[in-house]
Amino acid sequence: MGTYDDKSRDYDRRAGQALVAFYNLAKAGGGHSGEAVAPAYRDLLDAAESTFRAGVEAGDLEKAKAGWDELVDVTAHIAHANARVGTVLLATAVNRLEETPEEVVAQVMVEVEKHSSCPPEAKNPSAVAVDLPSRNA
C-alpha cells in the first residue's frame, strides 16, 4: 500500500467516508451502523479475513497468524483514523464556535446520550437540535 503516511492518508479518507455514510444512514431514519461503516473498510477486512481463513483451513499456522495480524492492523488503523478525523472535526467546531474543546465535547455527549437510548427511527441527526452557539450570534 506504500509508506506508513500513505496508509494513514488512505485510512483517514476511509474514516471520512464511513462518517458521512453513517450520518446519511441516520438521517435517512437509521439502520445498522455496519451497513454504513463497513463498505469503507470492506476490501481490507475481507483480504485479512481471507488470509486468516486460508491459513486455518490449510492448517498453516503462519498464514493464519499473518491474517490475524492483518485484522489487528486494520482495526488499529481504523481507530487511529477515526481519532484523527474526530480531532479535526472538534478543532473545526472549537474554532468556529469559540468554545473550549471540553465545552463542545460535553454538549456533543449530551446529544449522544439523548439519542443513544431512543428507537432507531428517532436517531435522525437532522432532527437533533444541538444548540451550539454560533460565532456570529
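Derivation of every value follows stated rules applied to the coordinates shown; laboratory data play no part. These numbers come from a predicted model, not from an experiment. Because the Cβ atoms are built from the backbone with ideal geometry, glycine has one as well, and the counts that use them run over all protein chains shown.
The table for this structure:
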{"quantity": "For the stretch 20-81, alpha-carbon Rg over 2.2 N^0.38 Å", "calculated": "1.39"}
{"quantity": "Virtual paramagnetic centre 7 Å along Cα→Cβ of Arg84, amide N under 17 Å, in the stretch 1-22", "calculated": "1-20"}
{"quantity": "Contour minus Cα-Cα distance for Ser50 and Glu102 (0.36 nm per residue)", "calculated": "14.5 nm"}
{"quantity": "Protection-proxy order for peptides 87-93, 2-8, each taking the mean of Cβ atoms within 10 Å per residue, highest first", "calculated": "87-93, 2-8"}
{"quantity": "Extension gain (nm, one decimal) between Leu71 and Ala28, 0.36 nm per residue minus Cα-Cα", "calculated": "12.4 nm"}
